[in-house]
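Enquirer: Take a look at this one; I'll ask things after.
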Amino acid sequence: MKTMKINTAIRNICFSFSAIFLAVLLMSTKQNDSSIDYLKSWKAGQTVTLQAVSKFGENNCFKSEPISDDVFKRMKGKSYPQGCKVSREDLRYIKVLHIDEKGNIKIGELVCNKAIANDILVIFHKLYVKKYPIERMTLIDNYDADDEKSMKANNTSSFCYRVVAGSTKLSAHSQGLAIDINPLYNPYYKVNKNGTKTIRPSTARTYCDRSKQFSYKLEKGDLCHRLFTSHGFTWGGSWRSCKDFQHFERQIKK
């Protein structure tokens, strides 16, 4: 009788483990199926599995494309306002994957100038391979082309036809020749002549102290800095009159 009870208990344990294994397998399959759908439709901001990326093809996840009608609809009246002097044909829609601080694989997108598109792809592929953390990368149009909103969400972005804050001068972002990386944790910071401080985004005051260590911090000499500068970009963190730790831009000879 005792042996029968033991055998029954063992069978119950085996059934339980089998049920758990089957549930995990089904969940994994469902996640992979969802990930494949996200990749096919390129749902920026969504998390995908490594298995789905392998099945879809990693090379297919790093692409530079002309601005499609669907993408342009998202941009029109926002990052591409009426009177924008940059030709749509001079811009490119960039698809990349990136890794967040938790190790999740995320679908990313941005619009930049075609002159830097290939460099951007090379840089972000290397950042992905080395798992350099980038939290979010979606079009700034998702934030109504409001730079402050986008920065507060720690959203990495490039093209947005706008003037430099506090001036009438068009920014390098207006040509798609600049990119802001993890902007919440790498803010713009300036001490004005009257002693006041300008910080953008406004919620990033604590991250102006670069002696501290925190997630998504961009530093001189780190992988992101080395890659961008080796491709001819200048870093706002090296400026003297102010510090723009999120910012990389490149000058293009006309």
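The values are calculated or read from the model by the stated rules, or taken from the named source; none is laboratory data. As the structure is a prediction and not an experimental result, all values here were calculated from the model. Glycine also receives a Cβ, built like all others from the backbone with ideal geometry; neighbour counts cover every protein chain displayed. In case anyone asks, the SASA skips ligands and DNA or RNA and just uses the protein heavy atoms, side chains included. Shrake-Rupley method; radii C 1.70, N 1.55, O 1.52, S 1.80 Å.
Enquirer: Would it be correct to say that S35 is modelled with pLDDT of 95 or more, of a type in the set (G, A, S) and open to solvent by less than 20 Å² (accessible area, probe 1.4 Å)?
Expert: The answer is yes for S35.
Enquirer: Further question on the same structure: Looking at the stretch 95-104, which of its residues are in contact (Cβ under 8 Å) with a residue 24 or more places away in the chain and more than 11 Å from the chain's Cα centre (by Cα)? Working first, answer last.
Expert: Of the residues in the stretch 95-104, the ones in contact (Cβ under 8 Å) with a residue 24 or more places away in the chain are 95-101, 103-104.
Within the stretch 95-104, E101, G103, N104 qualify.
Enquirer: Name the single residue, out of those in the stretch 87-97 being touching a helix residue (DSSP H, G or I) at 6+ places or on another chain (Cβ under 6 Å) and open to solvent by less than 20 Å² (accessible area, probe 1.4 Å), that is farthest from C160 (Cα to Cα).
Expert: If we take residues in the stretch 87-97 being touching a helix residue (DSSP H, G or I) at 6+ places or on another chain (Cβ under 6 Å) and open to solvent by less than 20 Å² (accessible area, probe 1.4 Å), then L97 is farthest from C160 (Cα to Cα).
Enquirer: Return the only residue of S230, S150 being farther than 23 Å from P66 by Cβ and either open to solvent by 50 Å² or more (accessible area, probe 1.4 Å) or aliphatic (A, V, I, L, M) (or both). Steps first, answer last, please.
Expert: Details: S150 fails: either open to solvent by 50 Å² or more (accessible area, probe 1.4 Å) or aliphatic (A, V, I, L, M) (or both).
Matching residue, one of S230, S150: S230.
Enquirer: Checking the condition touching a strand residue (DSSP E or B) at 6+ places or on another chain (Cβ under 8 Å) and surrounded by fewer than 18 Cβ atoms within 10 Å (Cβ to Cβ), which residue from P66, P81 passes?
Expert: P66
Enquirer: Considering the stretch 123-139 alone, what residues qualify as being in a helix (DSSP H, G or I), within 11 Å of the chain's Cα centre (by Cα) and surrounded by 22 or more Cβ atoms within 10 Å (Cβ to Cβ)?
Expert: F124
Enquirer: Out of the residues in the stretch 163-176 meeting the condition of being among the aliphatic types (A, V, I, L, M) and either modelled with pLDDT of 95 or more or not in a loop (DSSP other than H, G, I, E, B) (or both), tell me which one is nearest to Q246 (Cα to Cα).
Expert: Out of the qualifying residues, it is A172.
Enquirer: Among the candidates I120, I199, I179, which residue alone is in a strand (DSSP E or B), closer than 29 Å to L50 by Cα and out of contact with any His (no Cβ under 7 Å at 6 or more places or on another chain)? Steps first, please.
Expert: On the way: I120 fails: in a strand (DSSP E or B); I199 fails: closer than 29 Å to L50 by Cα.
Being in a strand (DSSP E or B), closer than 29 Å to L50 by Cα and out of contact with any His (no Cβ under 7 Å at 6 or more places or on another chain) holds for just one of I120, I199, I179, which is I179.
Enquirer: Can you go through C224, C160 and tell me which one is out of contact with any strand residue (DSSP E or B) (no Cβ under 6 Å at 6 or more places or on another chain), assigned to a helix (DSSP H, G or I) and open to solvent by less than 10 Å² (accessible area, probe 1.4 Å)?
Expert: Testing whether each residue is out of contact with any strand residue (DSSP E or B) (no Cβ under 6 Å at 6 or more places or on another chain), assigned to a helix (DSSP H, G or I) and open to solvent by less than 10 Å² (accessible area, probe 1.4 Å) leaves just C224.
Enquirer: Considering only the stretch 182-196, state which residues are in a strand (DSSP E or B) and in contact with a helix residue (DSSP H, G or I) (Cβ under 9 Å, 6 or more places away or on another chain).
Expert: Scanning the stretch 182-196 gives Y188, Y189.
Enquirer: Could you run through the stretch 47-69 and say how many residues are in a helix (DSSP H, G or I), of a type outside the set (K, R) and either at pLDDT below 95 or more than 19 Å from the chain's Cα centre (by Cα) (or both)?
Expert: Selection size over the stretch 47-69: 5.
Enquirer: Counting only residues that are closer than 24 Å to I116 by Cα and modelled with pLDDT under 95, how many does the stretch 177-214 have?
Expert: The qualifying residues number 0.
Enquirer: Looking at F17, F72, which is the one that is assigned to a helix (DSSP H, G or I), surrounded by 10 or more Cβ atoms within 10 Å (Cβ to Cβ) and modelled with pLDDT under 95?
Expert: One residue alone meets the criteria, F17.
Enquirer: Taking the stretch 202-221 as the region of interest, how many residues are surrounded by 12 or more Cβ atoms within 10 Å (Cβ to Cβ) and assigned to a loop (DSSP other than H, G, I, E, B)?
Expert: Residues that pass the stated criteria total 9.
Enquirer: Out of all the residues in the stretch 38-63, which are buried (at least 16 other Cβ atoms within 10 Å of the Cβ) and small (G, A, S)?
Expert: A44, A52
Let's see how each residue does on (1) over 16 Å from S158 (Cα atoms); (2) polar (S, T, N, Q); (3) at pLDDT below 95:
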position	(1), (2), (3)
K217	yes, no, no
F228	no, no, no
W235	no, no, no
W239	yes, no, no
F245	no, no, no
E249	no, no, no
K253	yes, no, yes
